[in-house]
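A quick write-up on the structure given underneath.
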Amino acid sequence: MTSLGIAPTINGDIVEEFVIGVTDTLTVRATQIRSEAIMWQPLLRSAVIKEHDYNVIAVYDTMTKEQQMERLKVDGLNIVKTLINLTISICNEKILQHVLVLVNDVLSDKENIKLFEEIEDGNAAEKLANKEAPKGMSSWEPFLDLLNRPDEFIVNQSCLILAKVISCGQFRLDSKNLNWFINWQVSQLLQSNTYLHTILASQQLMLRVTEYRAPFHNSTCLDKMLNILSTRISFQLQYQMVFCFWLLSFRTTYCFKLMDFIKPTAEILRQAVKEKVIRIILQFYRNLLTNHSAPRKIAELMIQGKVQVVIGQLIEKNWKDEDIKEDVEHVKGVLDEMLQDMSTFDSYLAEVKSGKLEWSPLHTNPAFWRENAQKLNQNDHEVLRMIRILLKDEQDPTTLAVCAHDVGEYVRHYPVGKYNVEKLGLKERVVCLLDNDDPKVKSAALLALQKLMLNNWEFMAKTNA
């Protein structure tokens, strides 16, 4: 049996499984609901459901899930029509929950999507034959209507069902209802939503469909995801979100917005232990480097995010998954090539912009400072201003120590720069580091101040001479 929880087909290849997992809220609740017996006969007596639908559901609901799958092969269209009728006619929340679980179970086999398509094809054929004919049963509209219900399970189970119906077969939702559905999904993108896994799973399904990507991109979906991704969330949610970015990254137009996700995904990549999270981030990066119209800009952002450092660690590992190995090598190769094209000062600037500095040759090599010290004055002392901000706001001891060191090297190799250091308040910030708890930060600050004083004395001596 093939599940509809299989990730999209891109260029004909199944690329990744993204089933939302056995511990997410929807799956746990569905398991409980599936086991609860429903008394159907009272609904028939009270005329809530029709006799035909009763005869179908009374038998179908007593079967095991395996038996139900077999029965669908024989009488699938009749069963699906009954389930949709029940979805429309039943108001009792407990019973409606049960019906929706049965509908979703039908869709656990992707072959059964054809049953829903047959309903839509029948509607279209009837309308073509008789333009005055009333609208027939819809395979999707009842689930769209249920999104307005107060019960969270009903709402989210309907969301996932609707996403499957309109994405996993040939049927496509019209633009008006599509935009409404997407905007509803975006409104649910909250970290506090216990059904967030389900919302993201529905978006993963829909973003497989090329014509659904533009409405998602044009909504506030990515802004909401950026806010959530910057917080502490589970690896499964991280994976689902990056999966959505990866799908959008196949088109150059969408890559511009996706640039904002390089820094947070780089942080995730640094800490990731799950192979599927590592794999999807690497595939996302690979797409950005390939499909963006300005790959150099993408490379710079990755360098700022220390991606090349993480890649250097990943390439040393023995990956059983050949795809990860290939993606690591590809991304490393592109970044290495881009770095060769970038000047050493470009690399230095990219590192300062990243906000995280390390003791690399860019900082410790006197030749670099002899050649580039004056460049810190460019663009109204852009680099010095960024260093000033880091000296004030950054807590990382290594970054603080390197910043202090760079201030000292700047005035050492560009003595008249002491005026700029004083004017921009950098000296004051370095002095404050003398009270830092980290001895390496104190030492770097003291050495930088010695260079400031020495250069002041040397500068004054030369002036007086």
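In percent, what relative contact order does the stretch 269-419 have, based on Cα pairs under 8 Å that are 6 or more apart in sequence?
Reported as a whole number, the value is 20 percent.
Describe numerically, in nm with one decimal, the distance between label points set 7 Å from Cα along Cα→Cβ at residue 437 and at residue 453.
Calculated label separation equals 2.8 nm.
Projecting each Cα onto the charge dipole of the chain (Lys/Arg +1, Asp/Glu -1 at the beta carbon, about the Cα centre), which of 57, 205, 243 comes out farthest on the positive side?
Farthest along the dipole direction, towards plus: 243.
I'd like the accessible area for residue 224: 1.4 Å probe, protein heavy atoms, all chains in place, Å² to the nearest 10.
60
If you count only protein heavy atoms with a 1.4 Å probe, what accessible area per residue comes out for the stretch 281-325, rounded to a whole Å²? Walk me through the numbers before you get to the answer.
Values: 2030 Å² over 45 residues.
Accessible area per residue, the stretch 281-325: 45 Å².
Ignoring everything but the protein chains, give the 1.4 Å probe accessible area of residue 382 in square angstrom, nearest 10.
50
Measure out, as a whole number of angstrom, how far apart the alpha-carbon centroids of the stretch 239-263 and the stretch 43-110 sit.
39
If R₀ is 30 angstrom, what is the calculated FRET efficiency for the pair residue 320 and residue 251, using the beta carbon separation as r and rounding to 0.05? List each step's numbers first, then the result.
Numbers: r = 32 Å, r/R0 = 1.05.
Once rounded, the FRET efficiency stands at 0.40.
Treating only the Cβ of Lys, Arg, Asp and Glu as charged (+1, +1, -1, -1), what charge dipole size does the stretch 204-312 show about its Cα centre? Round to the nearest 20 debye.
Rounded to the nearest 20 debye, it is 140 debye.
Of the accessible area of the stretch 274-335, with the probe set at 1.4 angstrom, what percent is carbon plus sulfur?
The value for the stretch 274-335 is 45 percent carbon and sulfur by accessible area.
For residue 220 and residue 148 in one chain, what is 0.36 nm times their gap in residues minus the Cα-Cα distance, to one decimal in nm?
Working: separation 72, 0.36 × 72 = 25.92 nm, distance 2.05 nm.
My answer for the length gained is 23.9 nm.
Using DSSP H assignments, which helices in the chain have an axial alpha-carbon span of 27 Å or above and a mean Kyte-Doolittle hydropathy of -0.5 or higher?
What comes out of the filter, once short or polar helices are dropped, is 439-464.
Could you order 256, 143 by accessible surface area, starting with the largest, using a probe radius of 1.4 Å?
Order by accessible area, largest first: 256, 143.
Quick one: net charge around residue 206, please, counting Lys, Arg +1 and Asp, Glu -1 for every other residue with C-beta under 13 Å from its C-beta.
Surrounding charge for residue 206 is +3.
Indicate the gyration tensor shape class of the stretch 398-453 (rounded, prolate or oblate), computed on the Cα atoms with a ≥ b ≥ c the square roots of the eigenvalues: a/c under 1.5 is rounded; otherwise a/b larger than b/c is prolate and the rest oblate.
It is prolate, given that a/c is not under 1.5 and a/b is the larger ratio.
Dipole of the chain (Lys/Arg Cβ +1, Asp/Glu Cβ -1, origin at the Cα centre): which of 350, 79, 441 lies farthest to the positive side?
441
When only C-alpha pairs under 8 Å and at least 6 residues apart count, what is the relative contact order of the chain, in percent?
Relative contact order, the chain: 9 percent.
In terms of the Cα gyration tensor, with a ≥ b ≥ c the square roots of its eigenvalues, is the chain rounded because a/c is under 1.5, prolate because a/b exceeds b/c, or oblate?
Verdict is prolate for the chain.
Work from the charge dipole of the chain (Cβ charges, +1 for Lys and Arg, -1 for Asp and Glu, about the Cα centre) and give the residue of 410, 386, 168 farthest towards its positive end.
410
What value, in deg cm²/dmol to 500, does the helix sum -39500 (n - 2.57) over DSSP H runs of n ≥ 4 give at 222 nm once divided by the residues of the chain? All intermediate terms of the calculation are to be shown ahead of the outcome.
Numbers: 27 runs with 324 residues, N = 465.
Taking each H run of at least 4 residues, the total per residue is -21500 deg cm²/dmol.
What nm distance separates the two modelled labels at residue 28 and residue 395, each placed 7 Å from Cα along Cα→Cβ?
Spacing of the two 7 Å Cα→Cβ label points: 3.1 nm.
If R0 is 25 Å, what FRET efficiency do you get for residue 274 and residue 356 from their C-beta distance, rounded to 0.05?
It comes to 0.60.
For residue 235 and residue 44, FRET efficiency with R0 = 60 Å and r from the beta-carbon atoms, rounded to 0.05?
Result of the calculation: an efficiency of 0.80.
Rounded if a/c is under 1.5, else prolate if a/b is larger than b/c, else oblate: which is the stretch 156-222, with a ≥ b ≥ c the root eigenvalues of its Cα gyration tensor? If you can, show how the numbers build up before the last one.
Values: a/c = 1.83, a/b = 1.31, b/c = 1.40.
Judged from the Cα gyration tensor, the stretch 156-222 comes out oblate (a/c at least 1.5, b/c at or above a/b).
About the Cα centre, and with charges only on the beta carbon of Lys, Arg (+1) and Asp, Glu (-1), how big is the dipole of the chain? Nearest 20 debye, please.
Value, rounded to 20: 1080 debye.
The values are calculated or read from the model by the stated rules, or taken from the named source; none is laboratory data. Computed from a predicted model, the values in this text were never measured in an experiment. A quick note on method: Cβ atoms are made from the backbone with ideal geometry, for glycine too, and the neighbour counts reach across all protein chains shown. The accessibility values were calculated without ligands, DNA or RNA, using every heavy atom of the protein model including side chains. Shrake-Rupley method; radii C 1.70, N 1.55, O 1.52, S 1.80 Å.
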